[in-house]
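The values are calculated or read from the model by the stated rules, or taken from the named source; none is laboratory data. On a predicted model such as this, the values are computed, not experimentally measured, just so you know. All Cβ positions, even for glycine, are placed from backbone atoms using ideal geometry, and neighbour counts span all protein chains on display.
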Amino acid sequence: MRKLDIHRHAMRQKPGNHLSQDGIELARYVGRTLNSYERVLTSTLPRAIQTAVAMGFAITETVEELGAVHESIVQRLQWPADLSAINISIAACAECTALAESQASLWEEIAAHLSDGAAGLIITHGAILELGVVATLRRISQAIDGEAFAYCEGVRVYFGDHSVERVEQLRLPREKRLIDS
């Protein structure tokens, strides 16, 4: 069994690409709840990289596809939206379907490079996270429900020998949840 923890980045200073002090503190809080990882991957955007570092992890690799989403897709999804709404949007949008499937496939590829019994960490972005989660849930016929992911929330995806076995949502306490800053 291998697992991937996939989290949304922490809050950033707007306008700008760097984490705010509140974002750094939230990433530190979440980082204290996590275990060690064989591989840590982030998008190439500073807020994702800084989130992993604030969580306390050295980055193994940056991957552009973990942060590449066109604003038109975000608007089409009406993000932030819950997972069932994202599922409906995916069904009605070929571009959304393609991005969702590419994320799920990328996660499977990353997991395939982990040692048996090892874990990996991915730091990605809102909308991209929900798309990948919905595509993964569809592949294993697991219920598609849950709110949009707040900053630093995510999922733990468990991989067997050949495919995803289950997905567990990783949520923050209500008082720490923030969708948009």
Give Ser115, Ser105, Ser84 a once-over and let me know the one that is closer than 27 Å to Pro173 by Cα, surrounded by fewer than 21 Cβ atoms within 10 Å (Cβ to Cβ), at pLDDT 95 or above and out of contact with any helix residue (DSSP H, G or I) (no Cβ under 7 Å at 6 or more places or on another chain).
Ser84
Can you name the number of the only condition in (1) in a helix (DSSP H, G or I); (2) within 21 Å of Gly132 (Cβ to Cβ); (3) out of contact with any strand residue (DSSP E or B) (no Cβ under 6 Å at 6 or more places or on another chain) that Leu34 fails?
(1)
Given the conditions (1) within 21 Å of Ala148 (Cα to Cα); (2) outside any strand (DSSP E or B); (3) in contact (Cβ under 8 Å) with a residue 12 or more places away in the chain, and given that Ala111 satisfies all but one, which numbered condition is not satisfied?
(1)
For a quick check of your reading of the model, give me the residue pairs whose first member lies in region 53-65 and is in contact (Cβ under 8 Å) with a residue 60 or more places away in the chain and among the small types (Gly, Ala, Ser), whose second is surrounded by 15 or more Cβ atoms within 10 Å (Cβ to Cβ) and not in a helix (DSSP H, G or I), with beta-carbon atoms closer than 7 Å and at least 6 apart or on different chains.
none
Search region 145-166 for residues being within 21 Å of Ala98 (Cα to Cα), surrounded by fewer than 20 Cβ atoms within 10 Å (Cβ to Cβ) and not charged (D, E, K, R), and hand back the single one that is modelled with the lowest pLDDT.
Ser163
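Specify the residue that is nearest to Gln21 (Cα to Cα); the eligible residues are those in region 49-103 that are among the charged types (D, E, K, R) and over 17 Å from the mean Cα position of the chain (by Cα). Walk me through how you get there before you give the answer.
First pass over region 49-103, keeping only residues among the charged types (D, E, K, R): 61, 64-65, 71, 76, 82, 95, 101.
This time we only want the ones that are over 17 Å from the mean Cα position of the chain (by Cα), so: 71, 76, 95.
Numbers: Glu71: 26, Arg76: 31, Glu95: 35 Å.
Top of the filtered list is Glu71.
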Tell me which residues, restricted to region 24-48, are of a type in the set (Gly, Ala, Ser) and over 16 Å from the mean Cα position of the chain (by Cα).
Ser36
